[in-house]
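To keep things clear, I will list the structure first and then write my remarks on it.
The values are calculated or read from the model by the stated rules, or taken from the named source; none is laboratory data. Everything numeric here is computed off the predicted structure, so don't read it as measured data. In this analysis, Cβ positions are derived from the backbone assuming ideal geometry, glycine residues included, and neighbour counts consider all displayed protein chains. The accessibility values were calculated without ligands, DNA or RNA, using every heavy atom of the protein model including side chains. Shrake-Rupley method; radii C 1.70, N 1.55, O 1.52, S 1.80 Å.
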Amino acid sequence: MEMARLFSMSDLGPLHYYLGIKVAMALPSSSSSCMHRILVLALLAMAMAPAKEATAYLYDDLKLSWGSGCSYFYMDGGDVDALALCLHRSSGSGFSSNASYLYARYDMDIKLVANDSAGTVATFYLLPDDVPWEYHDEVDMEFLGNATGEPYTLHTNVYVNGAGGREQQFQLWFDPTEDFHTYSIEWNPKYIIFLVDDTPIRAYRNDRARGVPFPTWQRMRAEGSLWDAEEWATQGGRVKTDWAQAPFYAYYRNFRVTPCVPSPGVAWCGDEPPESAWFDQRLDAAALQRVQAANMIYDYCVDQKRFKDTGFPVECSTA
């Protein structure tokens, strides 16, 4: 009984303490050398075993920032926690990350509203803190719901100094309601890259020499929301939200942020020379071209009717 107490898990401590004191005190001189070796080896194995890695919980990285009281964090099997954002007739809901970054890659696994999601919009986007709206930068991924059986539209946009209007839209090549998929925004000084399951779908390029607006100075948090936009979200607003299906839920999990890393010898990403090809390695141009050819359904840079009086934005013309 005394031996069991001495070597219980509650007594674990530094290796030298066990080998130098505990073992010597626990074993009388009449104990066999074999027992000595067994206990010493057992203690050595316990002391040298790597500690279990601490689990990072979504609850620690995100906070519910507004909206419906029916949103909640939950465990999605094992040690994976998730967030269910809720939308009902009186309110949507949203979250924001606790930390903000200047240049980083933001990843989130999302499962979208199932069945009749018409009128609903689930989002994952970047937004700065404490910047007046007319000067704010923003990078958007918005998932426009649809009637049962019809495909979702992934709507992307980039705001710089309060001005957006840089929309590109895509239809996904899978059903985003059946399982979680990874949606990512990689923001570095040369590109903003939108990715789905690690495949690039859009790249907005910083071409400062030609005066292309690009976000370069506002630290941004990750945000997400589920809200009602039946006036425009589904087939131009022709299909409205069916509130008999409420509450609606979109699910978020496995949030990751990877801060930007500059090339060797450069202090931080903002100091990367404009002519550097370092960030070009982050973009799979061939994959981007394939997805845009097969899945893009709207591009502001070819909308002649929209820009017939003003001309296309500068980023739409090739250098």
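For Val266, the requirement of being open to solvent by 40 Å² or more (accessible area, probe 1.4 Å) and of a type in the set (Val, Ile, Thr) is not met. Can you confirm whether Thr156 is under 15 Å from Trp187 (Cα atoms) and touching a Phe, Trp or Tyr at 6+ places or on another chain (Cβ under 9 Å)? Taking the combined requirement at face value, the residue satisfies it. Select from segment 39-78 the residues that are surrounded by 11 or more Cβ atoms within 10 Å (Cβ to Cβ) and modelled with pLDDT under 50 and list them in ascending order. Residues satisfying the conditions are Leu39, Val40, Ala42, Leu43, Leu44, Met46, Ala47.
Mind listing just one residue for me: the one in segment 180-189 that is under 19 Å from Glu138 (Cβ atoms) and more than 10 Å from the chain's Cα centre (by Cα) and, of those, surrounded by the fewest Cβ atoms within 10 Å (Cβ to Cβ)? Filtering segment 180-189 for residues that are under 19 Å from Glu138 (Cβ atoms) and more than 10 Å from the chain's Cα centre (by Cα), the one surrounded by the fewest Cβ atoms within 10 Å (Cβ to Cβ) comes out as Asn188.
Sub-6 Å Cβ pairs linking a first residue in segment 90-107 that is on the phi < 0 side of the Ramachandran plot to a second residue that is open to solvent by 10 Å² or more (accessible area, probe 1.4 Å) and among the aromatic types (Phe, Trp, Tyr), at least 6 apart or interchain, are Gly92/Trp227; Gly94/Trp66, ordered by first then second residue. Of all the listed residues (Val113, Val139, Val131), the sole one being in a loop (DSSP other than H, G, I, E, B) and within 30 Å of Phe279 (Cβ to Cβ) is Val131. Restricting attention to segment 242-274, the residues being charged (D, E, K, R) and without any contact (Cβ under 8 Å) to a residue 60 or more places away in the chain number 1. The single residue among Gly311, Gly236 that is part of a loop (DSSP other than H, G, I, E, B) and at positive phi turns out to be Gly311. Select from segment 239-252 the residues that are assigned to a loop (DSSP other than H, G, I, E, B) and not small (Gly, Ala, Ser) and write down the one among them that is least open to solvent (accessible area, probe 1.4 Å). So the residue we want is Thr241.
If only residues of segment 116-137 that are touching a residue at least 40 places away in the same chain (Cβ under 8 Å) and over 16 Å from Ala233 (Cβ atoms) are counted, the one that is most open to solvent (accessible area, probe 1.4 Å) is Asp129.
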